[in-house]
Each structure stands twice: as structure tokens, then as C-alpha cells.
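The values are calculated or read from the model by the stated rules, or taken from the named source; none is laboratory data. None of the values given here were measured: they were computed from a predicted structure. FYI the Cβ positions are ideal-geometry reconstructions off the backbone, even for glycines, and counts take in every protein chain you see. All accessible areas refer to the heavy atoms of the entire protein, side chains included, with ligands and DNA or RNA removed. Shrake-Rupley method; radii C 1.70, N 1.55, O 1.52, S 1.80 Å.
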Amino acid sequence: MPRKYVAGNWKMNLLKEEAEQLVRTLSENYTANPDVECIVCPPFPWLTQTKALLGETGIQLGAQNCAATEKGAFTGEVSAQMLASAGVRYVILGHSERRALFGEQGAVLLEKTKRVLEAGLTPIFCIGETLEERNAGKLEQVISHQLQEVLGHLSLPEVLNIVLAYEPVWAIGTGVTASPEQAEEVHTFIHGWLTKTFGSEASNVSILYGGSVTAENASGLFARNHIDGGLIGGASLKPADFLKIVNAW
Ligand code: PGA
């Protein structure tokens with residue numbers, strides 16, 4: 001059985017005190033649940049303070065990006081090893097904003113994924129189609145391509161250390177959520193691709209859904225067989241909503 005996750009992607013939001021306040025409220029109100037891994041992904045400068053404030057709550061720390069290279073003269077970059085030494089456990093990679101706005105494609109995402117795995121961390125690898133691609137009937141082609149160009153170059157043990165997130169680009173930050181049926185259809189396709197490529201063990205890879213998940217629609221999505229949790233943007237900035245999503249099963 002795939003493990004269940006709810007991860008909050010704060011994106012480029014919150015100043016120091018605001019980030020502190022959010023983590024304090026989460027920590028005070030969170031009750032650990034062994035069945036669901038709860039993760040927050042703050043911007044880089046707030047990682048260490050967030051780690052300290054999370055203390056023994058059991059909430060895990062994630063980052064939103066990392067360098068494709070290991071170390072050295074790469075001004076402005078942050079390595080996976082640095083993240084590991086800051087107490088980070090998860091790294092979001094391949095988010096559609098990184099793909100669309102920063103030109104990150106297969107080759108660089110494969111390198112980043114390798115660096116994250118080498119550092120002993122878990123990539124949360126995002127894939128998803130645009131509305132144009134969906135309307136043109138290219139959904140499965142796009143998803144297979146995004147999987148193939150990264151996971152297709154990894155081994156089964158490596159793939160078992162990855163969490164996937166299906167995030168249709170048309171649903172991110174738009175208030176338009178994929179229906180549970182639409183999401184389930186794609187998640188089933190992804191689990192099918194995984195078992196076809198790596199064998200039945202790969203059906204244990206968790207696939208999160210992301211794109212306008214709210215406290216209201218989370219339980220309908222999470223009730224589906226192939227939906228193993230959520231990657232939450234906007235709603236992760238509101239602690240009460242985020243915790244409702246964490247408890248939505
Ligand atoms: P959203 O973002 O929940 O605000 O749509 C999701 C994401 O980008 O991961």
C-alpha cells in the first residue's frame with residue numbers, strides 16, 4: 001500500500017515572522033497520525049527556523065527546489081546535501097512553475113532527482129498537463145513523457161524512494177480543482193505506467209494530487225483508491241484549512 005502524505009507548498013510567500021506564526025499555530029494544533037505524513041515546504045531562508053519550531057511534533061520539513069549539481073561554484077544555488085544537513089527530508093521537483101517560468105525540463109530534473117536521492121532525501125516529483133494538452137487529447141502522452149524522461153532513467157529501488165504529485169497545470173492556483181473522477185483516472189494511468197515499467201512493486205509509489213485542494217474538497221479526492229494524498233499550495237498558508245486537509249481521510 002502506498003503511504004499517505006499531505007505536503008504544504010508555501011511557494012514564495014510569508015516573511016520571517018509570518019512563517020514563524022504559521023508553524024507555531026500548526027505545531028500547537030497538529031496531532032500526529034502514523035498513517036499520514038504531514039510535510040511543510042517553506043522558502044529556503046525559513047527552513048532552519050521552521051525545523052526548530054516543529055521540534056518533536058512529527059511534522060516533516062520539505063524544500064521547494066535544489067541544485068542539479070553537488071557542490072562548488074554555483075552562485076545562488078542550494079544543494080541537496082545542504083538541505084539534508086538543515087533537517088530537510090523532502091524536496092519538491094518538477095513543479096509546473098519551475099517548468100514554465102524557469103525552463104526546467106527532463107535533463108535537469110533528472111540530475112536534481114539524482115542529487116536529492118544521493119543526499120538520502122525524498123523527491124516529491126510533480127507532473128501534469130496544460131489545458132491545451134488535455135483538450136488536444138495528449139494527456140497520457142504528456143504524462144508518460146514526463147515520467148519517462150526522469151523515472152525512466154532510474155532503478156526500481158530509486159523509484160520506490162520517490163513520491164509523485166499529479167498537478168494538472170490548469171488546476172494550480174486557479175480555484176478549478178480536477179474532479180475526484182478526473183484525478184483518479186490520471187492516477188490510475190500513472191500507477192499503470194509504473195507497474196508496466198518497473199513491475200508490481202512500483203504500485204507502492206505514492207501519488208499525491210495537487211491543484212486547488214481545499215478543506216472542503218480534500219476528503220472527496222482522498223477517498224479515491226489511487227489518490228494517496230495532496231500537495232497543497234494556497235490552502236497550506238491557512239493553518240486551520242491545512243490541518244483539515246491533513247485529517248481529511
Ligand atoms: P494550489 O497549488 O493548491 O494553490 O492550487 C498547488 C501547487 O502548486 O502545488
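Quick one: how many residues across the stretch 135-176 are aliphatic (A, V, I, L, M) and within 16 Å of the ligand (Cβ to nearest atom)?
Here the count works out to 7.
Here is a check on your reading of the model: is Ala100 within 16 Å of the ligand (Cβ to nearest atom) and either assigned to a helix (DSSP H, G or I) or under 18 Å from Ser206 (Cβ atoms) (or both)?
yes
Of the residues that make up the stretch 98-107, is at least one basic (Lys, Arg), open to solvent by 40 Å² or more (accessible area, probe 1.4 Å) and touching a residue at least 12 places away in the same chain (Cβ under 8 Å)?
yes
Please tell me if Leu221 is open to solvent by 50 Å² or more (accessible area, probe 1.4 Å) and either within 14 Å of Val6 (Cα to Cα) or of a type in the set (S, T, N, Q) (or both).
Here the answer is no, as Leu221 does not meet what is asked.
Inspect all residues belonging to the stretch 167-184 and state whether any of them is buried (at least 21 other Cβ atoms within 10 Å of the Cβ) and more than 16 Å from the chain's Cα centre (by Cα).
Checked against the condition, which is being buried (at least 21 other Cβ atoms within 10 Å of the Cβ) and more than 16 Å from the chain's Cα centre (by Cα), the stretch 167-184 yields at least one hit.
Do you know which residues across the stretch 75-95 are touching a strand residue (DSSP E or B) at 6+ places or on another chain (Cβ under 7 Å) and among the small types (Gly, Ala, Ser)?
Of everything in the stretch 75-95, those that are touching a strand residue (DSSP E or B) at 6+ places or on another chain (Cβ under 7 Å) and among the small types (Gly, Ala, Ser) turn out to be Ala80, Gly87, Gly94.
Among the residues of the stretch 224-242 satisfying the criterion of being open to solvent by 20 Å² or more (accessible area, probe 1.4 Å) and out of contact with any strand residue (DSSP E or B) (no Cβ under 7 Å at 6 or more places or on another chain), which is nearest to the ligand (Cβ to nearest atom)?
Within the stretch 224-242, the match that is nearest to the ligand (Cβ to nearest atom) is Gly234.
Can you tell me which residue in the stretch 197-208 is least open to solvent (accessible area, probe 1.4 Å), limited to those that are free of Cβ contacts under 8 Å to residues at least 60 places away in the same chain and in contact with a helix residue (DSSP H, G or I) (Cβ under 9 Å, 6 or more places away or on another chain)?
The extreme case among them is Ala202.
Could you tell me how many of the residues in the stretch 119-143 are under 18 Å from the mean Cα position of the chain (by Cα) and either hydrophobic (A, V, I, L, M, F, W, C) or open to solvent by 60 Å² or more (accessible area, probe 1.4 Å) (or both)?
8
I need the full set of residues from the stretch 32-75 which are free of Cβ contacts under 8 Å to residues at least 12 places away in the same chain and either assigned to a loop (DSSP other than H, G, I, E, B) or surrounded by 14 or more Cβ atoms within 10 Å (Cβ to Cβ) (or both), in order please.
Result: Pro34, Glu56, Lys71, Gly72, Ala73, Phe74, Thr75.
Taking the stated definitions as given, is Asn161 touching a residue at least 40 places away in the same chain (Cβ under 8 Å) and in contact with a His (Cβ under 9 Å, 6 or more places away or on another chain)?
no
Within the group Lys11, Lys71, Lys4, which residue is farther than 30 Å from Ser200 by Cα, under 18 Å from the mean Cα position of the chain (by Cα) and charged (D, E, K, R)?
Testing whether each residue is farther than 30 Å from Ser200 by Cα, under 18 Å from the mean Cα position of the chain (by Cα) and charged (D, E, K, R) leaves just Lys11.
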